[in-house]
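Reviewing the structure listed below.
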Amino acid sequence: MQVLYHDVIIVGAGLAGLRAAVEVAGKHDAAVLSKLHPLRSHSGAAQGGISAALGNADKDSPEWHAYDTVKGSDYLADQYAVQVMCNDAPRAIIELEHLGVPFSRFDDGRIAQRPFGGHTRNYGEAPVRRTCYAADRTGHVCLHTLYEQSLRKGVRFYDEFQVLDLCRSEDAVNGVVAVELKTGRLVLFHARAVLLATGGYGKAWRTTSNAFANTGDGLGIALNNGIPLEDMEFVQFHPTGLYQLGILITEAARGEGGVLRNGLGERFMERYAPSIKDLAPRDIVSRSIYSEIMEGRGAGPMKDHVLLDLTALSREKIAGKLPEIESFSKIYLGVDPAVKPIPVQPTCHYAMGGIPTDVNGRVIMNDDGAEVYGFWAAGEVACVSVHGANRLGSNSLLDLIVFGRRAGKDINRFLDRECLSPLPLATGSADKVRAMISRLRESGDGEPLARVRNDLQSIMMDNVSVFRDEEGLSGAVEQIAALQKRAEAIRVLDRSSTFNTELLEAIELQHMVNYSLAVAVAARERKETRGAHSRDDYPERDDANWLKHSLCYLEEGGRIRYGQKSVDLSLAETKAEFVPKERKY
Ligand code: SIN
């Protein structure tokens, strides 16, 4: 088998991976592996913006940003990490601008900023314009800019290489096993440092804003290597996905003045969040939409969605600030948003949980903070945790940029001071992968993978979505455990080596069932309502028992072992604003 060496292997070419690559390049030899062309990475789908207390539009401060982030997280975010992110945000935006990101501007030339859900001034007093943007293509322009910068700095790209496993020597990580999609050949990538930046996992739900590629591969690989996943029960449903399709309609539409209406034409968010209304955090807005639908006030003949009304905005404003969603709405639903409201419904959007890391992206093995030598994670695959139980809109791009850069810096330090030569690869580094591929190719009588994947998406959508209860979650745990066996035995009919997408989807499905089981187990265990985790049978937040992060480990035989670790409340020790309290908007 071919063995290739680079000092640093970065898996995933979204914003977190590319920001880390830009940091490492020029100092060490960095390679980025991606199962897609980098410019197809899902970061490019982020529309509305990136938050930073620049204060270009309204008076603002990083401390208010941190307060909103902690409150938005329903107090589960680690407060020191939040402070790190919010303090670094203004610098990160200026840096992006200098790298070439074409941000939208105010007339006086400064970077424009717009309101987004949950972002307020003066500790919740009123919405603040904090989100920097490039029309509604912010992720797209950031991705292009960082890709160009990576190429300029000599980063080596391996496009369409899908990573299947980590290489381990004793407890350290020293490479990855990948398959080249074009040829089907396995390649060992040997390295001194490995960073996973593989993004999210929304594809386990039927309705999602996530791209086809978002199958949580990094999470599955971590679980297979004995590394736990943190806070997996917290899965964000974005309030405004296009009806029946789930395609994202940015929160910026509400930031620019759009309002949500039920089937009776009522502006229902006035009842659920009287002070900031349609700009409440996403968990609250998604729950409110479902409550309207369940109480019979949905829109359309089926009364199964609500309406996003932009008709009060001028056609020029929609075309100038929201061109992408104008075209999505016209193309997919035949609705001109300047004339008619857009039919929308909540859509699975973002994973608050992931691989536990410290603020430098180092992967943490357990609740005593032990690091995995040579291993980093950043972006949506990681859990720093700055989003806790619910992420604020536009804090995601910020997380990618801030913690991608920090991981890159930490890797540079590690290569200069801690790990001066690569640890030799263990013999048989690719054995597990080879055995899995043979099993999938040889299982003659299993089911087609699409049937197993559809069943998984139905279970997650019906029982592990916005509203949850013990019965649904326990049923989901049992059914997903059965799906693990069915997924292992699926039938792969395609025998070719060239772009064998059936085999690769079969491998992705193994990851999907494993992390979905972690989501369902963690949701069943958490007997309270917090952020995006809303239990009908435990409707209150319970800080006395549940102000804790969850940890899920995959054990032999596919079972999940559940653990916990404490939440960092360091800001609350000095500032009353950060002490957990009732979350009202
Ligand atoms: C949006 O524009 O609403 C999505 C961006 C995000 O999830 O922060």
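Derivation of every value follows stated rules applied to the coordinates shown; laboratory data play no part. Keep in mind it's a predicted model, so treat the numbers as computed, not measured. Neighbour counts run over all protein chains shown; Cβ positions are idealised from the backbone, glycine included.
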For the chain, the longest principal axis of the Cα atoms and the Cα long axis of helix 62-72 enclose an angle in degrees, to the nearest 10, of 80
Taking every other residue with Cβ under 13 Å from the Cβ of Ser43 and scoring Lys and Arg +1, Asp and Glu -1, one gets +1
With label points set 7 Å from each Cα along the Cα-to-Cβ direction at Glu316 and Glu371, the distance between them in nm comes to 5.5
Yeah, the range 325-370 with a ≥ b ≥ c from its alpha-carbon gyration tensor (a/c under 1.5 is rounded, else prolate when a/b outruns b/c, oblate otherwise) is prolate
Checked the range 384-471 against the a/c 1.5 cut and the a/b vs b/c comparison, axes a ≥ b ≥ c from its Cα gyration tensor; verdict oblate
The answer for the net charge of residues other than Ser534 whose Cβ lies under 9 angstrom from its Cβ, with Lys and Arg +1 and Asp and Glu -1, is +2
Here, trypsin sites (Lys or Arg not before Pro) of the range 399-503 satisfying both criteria (DSSP loop; at most 10 other Cβ within 10 Å) are Arg495
For the range 349-363, Karplus-derived ³J(HN,Hα) couplings (6.51, -1.76, 1.60; θ = phi - 60°; whole Hz; x for glycine and proline) come out as 10, 8, 9, 6, x, x, 6, x, 9, 8, 6, 9, x, 5, 6
Charge dipole of the chain built from unit charges on the beta carbon (Lys, Arg +1; Asp, Glu -1), centred at mean Cα; most positive-end Cα among Ser329, Gln2, Ser497 is Ser329
The set of residues whose placed amide H lies less than 5 Å from the amide H of Arg129, leaving out same-chain residues fewer than 5 positions away, is Asp58
Expected sort for 506-517, 334-345 on mean C-beta neighbours within 10 Å, highest first, is 506-517, 334-345
So for R0 = 51 Å, FRET eff. of Asn122-Tyr5 from the Cβ-Cβ r, to 0.05, ends up at 0.45
Amide H neighbours of Ser169 at under 5 Å, excluding residues fewer than 5 places away on the same chain, with H built from the backbone geometry, are Asn174
Which residues qualify? For Ala299, with a placed amide H closer than 5 Å and at least 5 residues away or on another chain, they are Gly263, Asp304, His305, Val306
Helix 431-442: inclination vs the chain longest Cα principal axis, degrees, rounded to 10, gives 80
Descending packing, highest mean Cβ count within 10 Å first, for 132-139, 241-248 is 132-139, 241-248
Quick calc, Arg441 & Gln564: beta-carbon distance into FRET formula, R0 56 Å, rounding 0.05, result 0.90
per DSSP, antiparallel bridges as share of beta bridges in the chain, % nearest 5, sits at 65
Calc'd 3J(HN,Hα), the range 519-526, phi into Karplus 6.51 cos²θ - 1.76 cosθ + 1.60 (θ = phi - 60°), Hz, glycine/Pro = x, comes to 4, 5, 5, 5, 6, 5, 5, 7
Rounded to the nearest 500, the 222 nm mean residue ellipticity computed for the chain from DSSP H runs (n ≥ 4, each -39500 (n - 2.57)) alone is -10500 deg cm²/dmol
For the chain, averaging the sequence separation of alpha carbon pairs under 8 Å that lie six or more residues apart and dividing by its residue count, the contact order in percent is 21
Hits in the range 559-585: amide N under 20 Å from the 7 Å Cα→Cβ extension of Ala544, namely 566-567, 579-583
So for R0 = 25 Å, FRET eff. of Arg91-Arg417 from the Cβ-Cβ r, to 0.05, ends up at 0.50
Computed ³J(HN,Hα) along the range 117-132: with the Karplus parameters 6.51/-1.76/1.60, θ = phi - 60°, integer Hz and x for glycine or proline, the list is x, x, 8, 9, 9, 6, 6, x, 5, 6, x, 10, 7, 10, 9, 7
With a 31 Å threshold on alpha-carbon distance, the violating pairs from Lys27/Lys71; Lys409/Lys527; Lys35/Lys340; Lys203/Lys317; Lys59/Lys317; Lys527/Lys584 are Lys27/Lys71; Lys409/Lys527; Lys35/Lys340; Lys203/Lys317
